Amino acid sequence: MLLIPCPYCGMERPEIEFRHGGEAHVVRPPDPSAVTDEAWTDYLYFRSNPKGVYAERWRHVSGCGRFFNVVRDTVSDRILASYRAGEPRPAAPVEARR
Amino acid sequence: MRFSFLNVVRQALSNNEGWPEQWASPEPKAAYDVVIVGGGGHGLATAYYLASQLGVANVAVLEKGWLGGGNTGRNTTILRSNYLWEESAALYEHALKLWEGLSAELNYNVMYSARGVMMLAHNVHDVQVIRRHVHANRLAGVDNAWLTPDEVKAFCPILNISPDIRYPIVGAALQRRGGTARHDAVAWGYARGASARGVDIIQNCEVTGIRRDAAGAVAGVETTRGPIAARKVGVVAAGHSSVVMAMAGVRMPLDSYPLQALVSEPVKPMMPCVVMSNTIHAYMSQSDKGEMVIGAGTDAYNSYSQTGGLHIANHTLEAICELFPAVRRLRMLRNWGGIVDVTPDRSPIIGLTAVPGLYVNCGWGTGGFKATPGSGHVFAHTIARGEPHRLAAPFALDRFRSGRLIDEAAAAAVAH
Amino acid sequence: MSQAFRVPGGVALDRARPISFTFDGVAYAGYEGDTLASALLANGVRIVGRSYKYHRPRGIVSAGPEEPNALVGVARGPGRFTPNLRATEVELTDGLVATSQNRWPSLRFDIGAISDLLAPLFGAGFYYKTFMGPNWLGPNWAWKRVYEPVVRRAAGLGTAPTAPDPDRYARYFDHCDVLVVGAGAAGLAAARAAADSGADVVLCDEAAAPGGSLLAETRATIEGRPARDWLAETLQALGAAANVRILTRTQAFGCYAQNFVGLSERLPEPALIADPTLPRERLWQMRAREVVLAAGAIERPLVFADNDRPGILLAESARRYLNLYGVKVGERVVVVTAHDSAYRAALDLASAGVAVALIADLRDEASGPLPQAARAAGIEVAVKASVHAIRGRGRIEAVRLAAHPGGMRTLACDALLMSGGWTPSVHLFSQARGKLAFDAGLEAFRPGPPVARQRSAGACNATFGLQEALAEGDAAGRAAAEAAGRSPPDPRAIPVEGAPPAAGGTLGAPLHVLGDRHARAFVDFQNDVCVKDVELAIQEGYRSIEHVKRYTTTGMATDQGKLSNMNALAIAAAVRRTSIPEVGLTTFRPPYMPVTFGAFAGPARDDLFDPARRTPIHAWAAERGAAFEDVGQWKRAWYFPRRGEGMRAAVAREGRTVRAGVGLFDASTLGKIEVVGRDAALFLERMYANAFKKLEVGRCRYGLMLTETGYLMDDGVIGRLAPDRFHVTTTTGGAARVLAQMEDYLQTEFTDLEVWLTSTTEQWATIAVQGPRARDTIAPFVEGLDLSNAAFPHMSVRDGKACGVPARVMRVSFSGELGYEINVGSAYGLDVWKALFAEAEKHGGCAYGTETMHVLRAEKGYVIVGQETDGTVTLADLGLDWAIGKAKADFVGKRSLRLAEPAREGRKQLVGLLTEDPTVVLEEGAQVTATATPPTGSSALGHITSSYPSATLGRSIALALVAGGRARVGEKLFASTAAGAVAAIVTAPCFFDPDGKRLHG
C-alpha cells in the first residue's frame, strides 16, 4: 500500500484513503465543439501509460476530498512529487520524502 | 520426437536421455519476413499459425526474458467464451474451439479441462445481466445455461447457498465447456510447434526500437542483440504494449495495472469447477496439483512493478472466505502480480495501425489467457493477409475514433 | 510407546508437564514445550509423511519452518481441521490429534508408492507428453474423463477442510520506528540498540521462543555470560522496556512498498482453548520507518542418491532437537558435511552419548577449530568424502561412502546428519526490491544496497560468526534508530568467547551424481524433483531457471524452495556449464511462509463482510414481513406480502392499490446532493444534458447525466430551492459515482465556477406517497404549504414542515400517479412514515416495495438506469433526447454525440413489447429476433430490458431495446425463451395514461 503525500493536508496518508484518477494533465478541450473527432477521442481514450516517470491524479476521498497530482515512477512505484491540481508539473521532480 | 505414451515408456527405458530440445534457440538472423515482439502465449501462437497455416515460416519471435514469463505464466488459467456482445462471443468461442483440439494439434498436453465455469448471481440486477448473457449466448451458439441455487450447490458443493448470508447466491450461469488449462504448457507447446516449423524463437532479446523507412513504413526492429530487418512487425507485448508502440510513435488507448493472483497450499480435490462472482469480486478454481487458484483485483494505479498492495489480497480473500467458508483455514502459498494492459472498453485491440507494416494485438486486460489460440490465429491471418481477419475486424484500433466500442465492462454495470 | 529417544536436557521442555497426543491414531507422550516433530522423534517415529509424486516414505528433515516432509493435518473439533501443518511448527498440546497425509491406506503401507517403482516414467514434465489420446474418443475426452480425475485424486497434499471455520481472526494496522525481523543474535542486538535510542521498536520472531540459534547454543559466552543466559537477560530487558514490543510466533511474510510489512501472528492453542474470544491469528500491517532484517539463514541439504530416506536430516536441526527438546535423533549417527557448523552438532550429540561413527567432510581438508575440536573429542573425521548409497527404506540403516582416509566403506547408522552450508534468508530484502549479489567466495546470494529503508544484519546478510552478527545487529539497530530520528548511544562492544568461526559450504550436486540418470538424488523433497529432472529440463531446452522451476516444479512446494532453490540453481549452472548468476534467480514472492486465508480476511465476515446500508424505515418494513433485495450496498424493501401471498400476488395488490388509492414507498436510498453556490445553475448545465439556468425557483426538472463518451450514466429529479441552491437526486446505485464525477469536473475542469457539493443521502429520509389519494394522505401533516395544483404543481419543490418537523416536499412521480416525495431528517423518518402510513390506511392505502415501483414505472415507460441502460445507451436511443438543452454550447458528453457510433442510424431504441398471449411474461434479458427460429449465430435485433405482469393492464408488458425499434411499431417480433420463441408486437414504450393526465390530478 502506497504512502501518498496529500499537498492539501500536508501529510502522507495510506493509499486506501485515496482514489486514483488516471493520467494527469489530460486537458479537456475548452471548446469541445471546435475540435476534430481525432482530438476529442485523443482526450477521451488515448494515454501515455509510460514505463517510468508518470504524472497522475489522485483524490483524497477519505480525507480532504481534493484532487491533486502526483509524479511517480511506475517501475519502482516511488513517488517523486505531489502538487495541487492546476499547478504545473514540476520540471525536474524533487525526490519526495519516502 | 513425437510425444506419446509409447515414447514416454521408450525413453524411460533409456533414462530419458533421448528427448530432444523442445525448441531451438538460434542466433537471430539479419532479416525475417515477420517479427513478433513478445514471446508469450499470444505471440507464440501467432508465430505458430503463421508457419503452420499461412505459409509464413520466416518468422522470429523476440522475447526480452523467457518464454511465457509475462501474463501467460501469471494468470488463473480460466477459459470461457460466454461473453455478452456477439463480436466478443465469436472471438472467444473461436478460441475455445481451438482449445478443445489444442493438445492434439500441438501434440503437447495443455490439459484443457472442461470442468465448467459458473458465474454467480447475487441479486436481481445480477440475474438480469446474467440471463441476458445466457440468452445472447444461446443465440450465438455458445453454451451457457442458467442454474437455480440448488443446481449451483449440486455442481459445486462447497458453495454456501444459504439465503441468509450477506450476498446470497440466487442463481448462476454455467458454461460447461469452460474450464482451465495448464498455462505454461500453452506457451511451450506453441513454441515447440512453431520451432519445428521453422520459426526462430529468440529469448533474452529485448526490442529497443522500431525502424521505419523513408515512407514511414516498418523496416525492422532494434534489439539488445542487434538490428533485425522485417517488413512486418507484430507487437504482442501485453502490459508493455504502450512502451513498444511508443517506439513507433503510436499512442495507445491503454493503461497498465498490476493484477494479482494467489494460490493456497495444495489439498485433495475440494471443488470440481471454476466459480466467479463479479458482484463480490472473487473467482477461484482448484489446479490439478491441488492448489486453490484465486484471482485478485488490479491495483488502482498504473504500474509496471509486478507487485501489488497487501490490501488487494486482503480484499480478495475476504470475498473468497465469504463465498467458500471452508477455505478459511487454508493458507496462501504464493501471491504474485502481472502487468495487464486495459482498454477503455475492456475489449482487446487486434489489427493494423497507422504505420504500414506495424500490427498490434493487445489490451486483453485481465482476461487474455482464454483467448490465446484464437488471438494468435486471427492475428496471424491479419498479419499474413495485411487486412483484419473477419473476427478481428470489430476489434480494430480505430474503434476508439468512431466510438464503436465493444463495452464488456458496461455490460456488467450496476445502477438503479 | 515410551520416549526411547529422550535424553536429559532440553531447554524448551517443561518436564513437569507431560502431554499425551495421537499421531495416526496411536497415542504417544511428550512434554510441554515439545513440537510435534520433537515428540515424534522422541518416540522413535521416523516415517511421518509421503512425498508428493512418488509417495516415498519421508521423515523429519529440519527443526524449523523450512520443513518440506513432515506435513500433518491437525484436528480440534468441528471446523477446526487444518491440513499441511509442519510438524516442526506444531506446538504440542494435550490431546492433540495429528494425522499424516497423502497416503492410503496407511503411512506404512501406501498403495501410491507403486509410482516409485514406475519413477522413470514420471520424469520432469512427463504429463505434457502423454494422457492426450486416443483421439477417436473425441478431442480431450480421455483427459477429461480418465486421466485428469486420476491425476487430481493422486495430487494434493492434505485433506481439504469441509466445514466453516468457527475461529476468529484479527487484523491491525500499526506503526513503529524500527521493526526488527528475527530475534536471533543479530536481531536482539539490533532491537537492544534501537531501544536504547528511545525508538519505538517492534521485534518479531517466527518461533514460540525467541533466540534463534542462541537457544541451542551450549558453548559460547556473550558479554561474559553463557549465551542462553545472555539471551534470557536481553529478552527480559527488552520486555521491560516501554518502547519495545516483542511479537513471538510472528512471521514477517511480506515486504510491500515503503516499508509496509505484513506480519502474521498465531496464538498458541492452549490460549485459544482457555479463552474462545481470542483470535486464532492476527495480521499486523506494520508501517515501519526503518526495518532491520535479521532473518537468519537456512541450512542446505546435501544432494546424493536416496538422500530423502527417513533418518537423514540437517545437522543443525539434530543439534536443536538435542539441546532444545532433549531428543537424540539416533543412537549411532554419521555426519556428512561441507561446513564446519555440523561439527558443533557432532560434538553436542557425542556429549549426549550418541555414537558418532564418522564425520565425513566433502571438502579437501577440515582444519578449522571445530574439526580440530571434534578430532580432539575422539570423533573420527575423514575428508574428500562422497556419499554413494543409502541402505534402508523406511529408515536409514547404513550409508556407503568414500572418504579419506578409509576409502570406500559402509557404515551402519540410524541417522545421518548432513550440512551443505547455509543459505541467507534474503526473501524480505528481495521482496522490497533490493538487488541480490552473488558472492562466489561464500557461494551465496547476499543483499546488495537496499532500496527501501532497510538494513540486513547477521546470517541473512551472510555474516555468520556470532560476534560479527552481534556487532552488525548492534550497528544496524543504532543506524535505524538514528535514521528514524532518534539519538543512539555509542556503539557497544559485545565480546563473544567460545564461538569459533565456522566456514564452508557446497552447492548443487557432486560430479558422480551429475549425469547419473539412475540416481534418485533429491533436490526438492516435497515435490520429488531429482537431479536428473533438472538435467532433463535443460536437455529439453528449459534453460532459464524460471523454466527449470516450472518444468520440474522444483521450489514450488509448500516450502517454496527454502531448502532446494540454491541446489537447483547450482545444478542448472553445472549442467549448462555456466555460472550461477548467469542462470539467474527466481523471484522471491510473498508470503515468506504460508499464511492463513482467514488472517488476510480478518474480521470481514458475515455482517461485517460488507456492512449493509439500511434506511430509517427498514425496521418497520422488516417487522411487517417485507422481503428485501440488495441494491448496491442497500437493503431495500422488495415487496410486502400479506399472509399467504407470494411475490406476484403481493405486487399485483400493491400496484392496484397505488393506482386506485395511495401507496407509500421508502425512497430513502436515492442519492441526494445539495449543489450550492453562485454558479450552481451553470455547473448543473455543464454536468447534465438538460438546461437549468432558466429553471424557476421551486420547480423541478428530470436531470440526465451522461458520461463524457456520450452515454446515459445516471438520472434523477433536480429541484431549485433558491437561485443559488439545488436539491439533486440520483439513482440508488449511482450516488457515489455522480458525486465523484461532479467533484472531478468542478475541481479540475470547471475551476472557474463557485459551487459547493454536499452529499445529503444519509441526512434525508425520503417517503414517496403515490396515488390519487396522495394529497389527502399528506395534507393532515403538512404545514405551511398550499398543496393545490395551482400553488404546488407537478415537478415542484417546497420547504415546509411535516408532522411538525422540517420537510422538503417534492411533487414528483415515478408511478405516473399524483405523487409527493417527503424528505425529512433521517431521525424523524420512521415517525413520519408511521403517521403517513396510518393515514394512508384510512384511504385503503398500503406500503409498496421496489418491485411494484418497477412495475408502475414500466407501465409508464419510465426507464431505470442500469436496467434499460448498460452504459452503451444514448438519450436518443431511449427517446429522451427532448430533454437535451439544445442551446447549450457544451455539457459533459455532448461532443461525443457527434462521433460516428452514437450518431449512427439503426441503433437500438426503446420500445414496448406486448406478447400475443397476454399471460406470457417474457424473461428479462431475452433476445429479440425477427423470426421465430433464427439460425444459430445470427444477430439479435435487441433484448428485453424489463418485463412484468401488469395488474393495472391485466396482461404482461415488456420494454425492449430493438434496432430501429421506433420504426417497427406494430411489427411482430420474437423473444427467446428456454422453450422457444414467443411472438410479441412492438408498441410505444408507454402502456398507461400516455398523456400523463393522472400526474396532474
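The values are calculated or read from the model by the stated rules, or taken from the named source; none is laboratory data. Computed from a predicted model, the values in this text were never measured in an experiment. Please note: Cβ atoms are built from the backbone with ideal geometry, for glycine as well, and neighbour counts cover all protein chains shown. To get the accessible areas, we keep the full protein, side chains included, count just its heavy atoms, and leave off ligands, DNA and RNA. Shrake-Rupley method; radii C 1.70, N 1.55, O 1.52, S 1.80 Å.
When each of the peptides C:606-615, B:131-140 is scored by the mean number of other C-beta atoms lying within 10 Å of its residues, the order from highest to lowest reads B:131-140, C:606-615.
Please give the Cα centre distance for the range C:64-124 versus the range C:953-1001, rounded to the nearest Å. Cα centroid of the range C:64-124 versus Cα centroid of the range C:953-1001: 64 Å apart. Chain pair A, B: how much accessible area is buried, both chains summed, with a 1.4 Å probe, in Å² to 100? The contact between B and A buries close to 2100 Å². Heavy-atom accessible area with a 1.4 Å probe sorts A:Phe67, C:Phe814, largest first, into C:Phe814, A:Phe67. For the range C:558-598, trypsin sites (Lys or Arg not before Pro) meeting the loop criterion (DSSP other than H, G, I, E, B) and having at most 12 other Cβ atoms within 10 Å: C:Arg577.
Peptide A:12-21 shows a mean partner chain C-beta count of 4 within 10 Å per residue C-beta.
Among DSSP beta bridges whose residues both lie in the protein assembly as shown, state the antiparallel percentage, nearest 5. That works out to approximately 75 percent antiparallel. At R0 = 60 Å, how high is the FRET efficiency between C:Ala240 and B:Glu222 if r is their beta carbon distance? Nearest 0.05 is fine. Between C:Ala240 and B:Glu222 the formula returns 0.40. Summing +1 for each Lys or Arg and -1 for each Asp or Glu among the other residues whose beta-carbon sits under 12 angstrom from that of C:Gln539 gives -1. Dipole magnitude for the protein assembly as shown: computed about the Cα centre from +1 point charges on Lys and Arg Cβ and -1 point charges on Asp and Glu Cβ, it is near 1860 debye. A simple spin-label model places pseudo-atoms 7 Å from Cα toward Cβ; at C:Phe109 and B:Asn278 they are separated by 5.5 nm. Taken residue by residue and averaged, Cβ atoms of other chains lying within 10 Å of the Cβ of C:899-905 number 4. For chain C, the relative contact order comes to 9 percent (Cα pairs under 8 Å, sequence separation of at least 6).
Sparsely packed loop sites in the range C:641-718 (the trypsin sites (Lys or Arg not before Pro) outside DSSP H, G, I, E and B with at most 16 other Cβ atoms within 10 Å) comprise C:Arg642, C:Arg643, C:Arg678, C:Lys693, C:Lys694. Helix C:735-748 and the longest principal axis of the Cα set of chain C meet at an angle near 90°. Once C-alpha pairs closer than 8 Å and six or more residues apart are averaged by separation and normalised to the residue number of chain A, the relative contact order reads 24 percent.
Determine the alpha carbon to alpha carbon distance for each of B:Lys289/C:Lys562; C:Lys435/C:Lys532; C:Lys672/C:Lys834; A:Lys51/B:Lys29; B:Lys268/C:Lys549 and list only those over 26 Å. Pairs exceeding 26 Å: C:Lys435/C:Lys532; A:Lys51/B:Lys29.
Rounded to the nearest Hz, the phi-derived 3J(HN,Hα) couplings of the range B:388-405 under the Karplus curve 6.51 cos²θ - 1.76 cosθ + 1.60 (θ = phi - 60°) are x, 4, 3, 6, 8, 3, x, 9, 5, 4, 6, 5, 7, 9, 7, x, 7, 7, where x marks glycine and proline.
Contact with the other protein chains removes 50 Å² or more of accessible area, compared with the isolated chain and a 1.4 Å probe, from these residues of the range C:151-170: C:Arg152, C:Ala160, C:Pro161.
Comparing each chain alone with all protein chains together (probe 1.4 Å, DNA, RNA and ligands left out), the residues of the range C:494-525 losing at least 40 Å² of accessible area are C:Arg517. With a 10 Å cut-off around each Cβ of C:250-262, the average count of Cβ atoms from other chains is 5. Toward the positive end of the charge dipole of chain C, about the Cα centre and with charges on Cβ (Lys, Arg +1; Asp, Glu -1), which of C:Thr931, C:Met810, C:Ala29 goes farthest? Of the options given, the answer is C:Thr931.
Counting only residues at least eight positions apart within a chain, or on another chain, the aspartates and glutamates with an alpha carbon under 12 Å from that of C:Lys693 are C:Asp679, C:Glu685, C:Asp724. If each Cα of the protein assembly as shown is one equal point scatterer, what is log10 of I(q)/I(0) from the Debye formula at q = 0.03, 0.08, 0.09 Å⁻¹? Normalising to I(0) and taking log10 leaves -0.16, -1.09, -1.31. Going from the isolated chain to the complete set of protein chains, the range B:163-180 loses at least 50 Å² of heavy-atom accessible area (1.4 Å probe) at B:Arg166, B:Tyr167. For the pair the range C:484-550 and the range C:1-63, the centres of their Cα atoms are 27 angstrom apart. Sorting C:879-887, C:72-80, C:539-547 by their mean Cβ neighbour count within 10 Å, with the most densely packed peptide first, gives C:539-547, C:72-80, C:879-887. The interface between chain C and chain B buries about 10200 Å² of solvent-accessible area in total (1.4 Å probe, ligands and nucleic acids excluded). Measuring nothing but how far apart in sequence close Cα pairs (under 8 Å, 6+ apart) lie, relative to its length, the range C:1-160 scores a relative contact order of 22 percent.
Here the dipole of chain C is about 1720 debye; that uses its Cα centre as origin and unit charges on the Cβ of Lys and Arg (positive) and Asp and Glu (negative). Computed over protein heavy atoms with a 1.4 Å probe, the carbon and sulfur contribution to the accessible area of the protein assembly as shown reaches 54%. With both bridge residues required to lie in chain B, what share of the DSSP beta bridges run antiparallel, to the nearest 5%? Here the share of antiparallel DSSP bridges comes out near 70 percent. In the full protein context, the protein assembly as shown carries 34 Å² of accessible surface per residue, based on a 1.4 Å probe and ignoring ligands, DNA and RNA.
Only DSSP H runs of four or more residues enter the estimate; each adds -39500 (n - 2.57), and after division by the residues of chain C the mean residue ellipticity at 222 nm equals -6000 deg cm²/dmol.
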